[in-house]
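Note sheet for the following structure.
The values are calculated or read from the model by the stated rules, or taken from the named source; none is laboratory data. Just so it is clear, the structure is predicted and the values come from calculations on it, not from any experiment. Positions of Cβ are generated from backbone atoms using ideal geometry, with glycine treated the same way; all protein chains shown enter the neighbour counts. Accessible surface is based on the protein model in full, side chains and every heavy atom, while ligands, DNA and RNA are left aside. Shrake-Rupley method; radii C 1.70, N 1.55, O 1.52, S 1.80 Å.
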Amino acid sequence: MEIVFSGIQPSGELHLGNYLGAVRNWVALQDQYRCFYCVVDYHAITQPYEPAEMASRARNMAVDILACGVDPDRATLFVQSEVPEHTELAWVLSSVAPQGELERMTQFKDKAAHNPHNINLGLFAYPVLQAADILLYGATRVPVGEDQRQHLELAREIVRRFNARFGETFAEPMPLFSTTPKILGLDGQAKMSKSLGNTIALREPENVVWDKLRTAATDPARVKRTDPGTPEKCNVYTLHKFFSDAEKQAYVHTGCTTAGIGCIECKKMLFEGVKVDLSRIRARGDALRADPARVDAILARGAAEARQVAGQTMARVRSRLGLHAAKA
Ligand code: TRP
């Protein structure tokens, strides 16, 4: 079975964008692949954060992922900092990672531009830690969004350089891009993201979800109820593609382009589907939150499974490198 690895930052709670763009796909992959899913807290420390909150952010994220349907009996779910091999391999890979390529990473440049007082080596080396994540498990398939394409290219370059210098050790990981359309935030402008405050969190109560949907941006050309709209320009229509059947999608498409229905009616129809999905996720999440020992056990088992594989990889790497530690 081919191996899949993917990671997600411990933002504290999953939102609709994470779910539709990533985690829903993780759930689908767990039957076809040997999957490792990781909450990447060591990546998160490269940006300013509150230490007192980090552990619960990681844990809540894991609970949300489980609530979405990632099944600990079929996939390995763990928190990165419980597997020290990640940082160990990242250091090793940093000795083959080309600095010039790292300097071209657009995500680094963006983060550096947004936070000029926090340009640290970890932020720069972030893609190297990401490569370590993937390579520790021999993953050849990495489900990611378009924004991670460059990081994955770099991981492949790191593999080629490592293998050329130390002998064939790692396979080149291939991206597994989802066909998911980009999920915009409620503003209909930027990608849905917690830091932009334009999200619907999966755990939000139904009335809050409806309030947010009700006021979410639609095609700006539909100013009046009688103005026809262009569904393709409307984020609410994008969401219908996930939550409504073909018949409903066709109905709102026609209704929008002919001004036969208004945005509110369209949103009500969307909400019907959203409610079904979110209530299932909420129910599973509530059950897990009521049983912290179960969550502890799942994460402990995930970390143990991950360490088992990561430990073997690191032993091979130390030996390839000819390190003293490999001489035992
Ligand atoms: N950088 C990824 C993101 O922000 C998260 C991540 C960390 C990741 N390690 C990974 C994704 C390994 C895929 C594989 O989305």
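Just a few scattered comments:
- For the options Ala171, Ala306, Ala293, a Gaussian network treatment of the chain with springs between C-alpha atoms closer than 10 Å singles out Ala293 as fluctuating the most.
- Accessible area in square angstrom per residue, segment 102-167, 1.4 angstrom probe: 46 Å²
- Separation between Cα centres of segment 184-240 and segment 166-182, rounded to whole Å: 32 Å
- Proximal aspartates and glutamates relative to Lys109, as straight alpha-carbon distance under 18 Å, when same-chain residues fewer than 8 apart are discounted: Glu101, Glu146, Asp147, Glu153
- Under 12 Å, Cβ to Cβ, from Ser11 - net charge with Lys/Arg +1 and Asp/Glu -1: -2
- Percent carbon-and-sulfur accessible area, the chain, ignoring ligands, DNA and RNA, probe 1.4 Å: 53 percent
- Three-way shape label, segment 234-328, alpha-carbon gyration tensor, a/c 1.5: oblate
- Largest GNM mean-square fluctuation across Asn18, Asn115, Asn60, computed for the chain with C-alpha springs under 10 Å, falls on Asn115.
- Tensor-based shape of the chain (alpha-carbon gyration tensor, a/c under 1.5 rounded, otherwise prolate or oblate): prolate
- Estimated vicinal HN-Hα couplings, Hz - segment 292-300 in sequence order (Karplus 6.51, -1.76, 1.60; Gly, Pro = x): x, 5, 5, 5, 3, 5, 4, 6, 5
- Heavy-atom accessible surface of segment 204-286, averaged per residue, reaches 52 Å², computed with a 1.4 Å probe.
- Loop-resident sites, segment 286-328, for trypsin sites (Lys or Arg not before Pro), counting at most 16 other Cβ within 10 Å (DSSP): Lys327
- Nearest 10 degrees, 0 to 90: helix 51-67 Cα axis against the chain principal axis: 70 degrees
- The length gained on full extension between Glu50 and Lys182, counted as 0.36 nm times the residue separation minus their Cα-Cα distance, comes to 44.6 nm.
- The GNM of the chain, with springs linking C-alpha atoms under 10 angstrom apart, assigns the highest mean-square fluctuation among Val274, Val79, Val223 to Val223.
- Model label points for His117 and Glu146, set 7 angstrom from Cα along the Cα-to-Cβ axis, are 3.4 nm apart.
- Between the Cα long axis of helix 85-94 and the first principal axis of the chain there is an angle of about 80°, rounded to the nearest 10.
- In the chain, the longest principal axis of the Cα atoms and the axis of helix 121-136 are about 80 degrees apart.
- For segment 253-328 versus segment 69-116, the gap between their alpha-carbon centres in whole angstrom: 18 Å
- Efficiency of FRET from Cβ geometry, Ser193 and Arg165, R₀ 35 Å, rounded to 0.05: 0.40
- Extension gain for Arg284 to Ile264 (0.36 nm times residue separation, less C-alpha to C-alpha distance): 4.2 nm.
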